[in-house]
Amino acid sequence: MNIMKKWTKRFVMICLFLMALFVTFQSLSGVNAKILIDRLEDALAASENVSGSPSLEDAFDWSKYPKHTVTATGYTAGFESTGKNKGHPEYGITYSGVKVKRDLFSTIAADLNVFPIGTILFIPGYGYGVVADKGGAIKGNKLDLYYETVEDVYRLWGKKQVDVFVIQKGNGKLTEKQLLALNEDKTMQVFRQAYIKSEKR
C-alpha cells in the first residue's frame, strides 16, 4: 500500500514538474508549447517519409495506365449519403455485397457503365479505390470515395476534379476475400502502414 502511495506521489510530482516546465518555456520564449509539439511531430513524420519509402504517388509510374478525368466526392455509409441508419440490415453494404472499407484499397462508387464492379483505380491524394458500389447521382465520369465519417469527407477530400488511373478493369464481381487479399498483399504493406499513419493524423 505504501509503495502505491509513493509511486502515485512521484507520478503527480513528475506531471506538475512537466507542466511547470511548459509554462516557463511559454512565458520565456513566447512560443505556445502545443504548437511546438505539433511542429515537432510534423517534422518527425516528414523525416520518416524522406528516409523511408517513397509515397504511393511517387512510387510508381502512373503514366503507363489509362487516365480518366473525373469529379470525385466523398461519401459515408451514413444516412446523409445512403439514407440508411446503423440499424438498417443493409447499412454499410455496397451494391457488390462487400462491406464499405477505408484502407489502402478502399471501396468506391462509380457509374458501372464506365467502371464496372471490381475495377481498381489509383486516385492521387486518396489511394487505391475498388469499385464496389453505384449511386443514383453517380453518372458518367463521377466517383464517390468512401470515408468513415462526414468530418473525414470534409477534412480530407470534399469534392475535386482529379485524374484517376485504371489499374485493372473489373469483371462485374467483387468479394470480401478479393478485397482482403488486395489490402494484405505483402508487397504493399509499407504503403499501407504509411497510409494508415497519415489518415489518423
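The values are calculated or read from the model by the stated rules, or taken from the named source; none is laboratory data. All values reported here derive from a predicted model rather than from experimental measurement. All Cβ positions, even for glycine, are placed from backbone atoms using ideal geometry, and neighbour counts span all protein chains on display. Accessible surface is based on the protein model in full, side chains and every heavy atom, while ligands, DNA and RNA are left aside. Shrake-Rupley method; radii C 1.70, N 1.55, O 1.52, S 1.80 Å.
Here the range 131-177 has 49 percent of its accessible surface on carbon and sulfur atoms, given a 1.4 Å probe and all protein chains in place. Projected label points at TYR95 and GLU176, each 7 Å from Cα along the beta carbon direction, are separated by 2.2 nanometres.
The local environment of ASN113, defined by Cβ-Cβ distances under 12 Å, has a net charge of +2 under the rule Lys, Arg +1 and Asp, Glu -1.
Per-peptide packing, taken as the mean over residues of other Cβ atoms within 10 Å, places 140-150, 166-176, 61-71, 107-117 in the sequence 107-117, 140-150, 166-176, 61-71 from highest down.
Annotation: per residue accessible area for the range 57-187 equals 54 Å², rounded to a whole number [probe 1.4 Å, protein chains only].
Rounded if a/c is under 1.5, else prolate if a/b is larger than b/c, else oblate: which is the range 86-201, with a ≥ b ≥ c the root eigenvalues of its Cα gyration tensor? Verdict is rounded for the range 86-201. Suppose R0 equals 45 Å; then what is the FRET efficiency for LEU21 and VAL150 from their Cβ-Cβ distance, rounded to the nearest 0.05? Working from the Cβ atoms, E equals 0.70. Of the residues SER81, SER106, ranked by 1.4 Å probe accessible area with the largest first, the sequence reads SER81, SER106. For the range 96-130, trypsin sites (Lys or Arg not before Pro) are listed when DSSP marks them as loop and at most 12 other Cβ atoms sit within 10 Å of their Cβ; the list is empty. First measure r as the distance between the Cβ atoms of LYS6 and GLN189, then evaluate 1/(1 + (r/R0)^6) with R0 = 41 Å and state the FRET efficiency to the nearest 0.05. After rounding, the FRET efficiency stands at 0.40. Within straight-line reach of LYS67, meaning a Cα separation under 25 Å, sit the following lysines at least 8 residues removed in sequence or on another chain: LYS101, LYS134, LYS139, LYS142, LYS159, LYS160, LYS169, LYS173.
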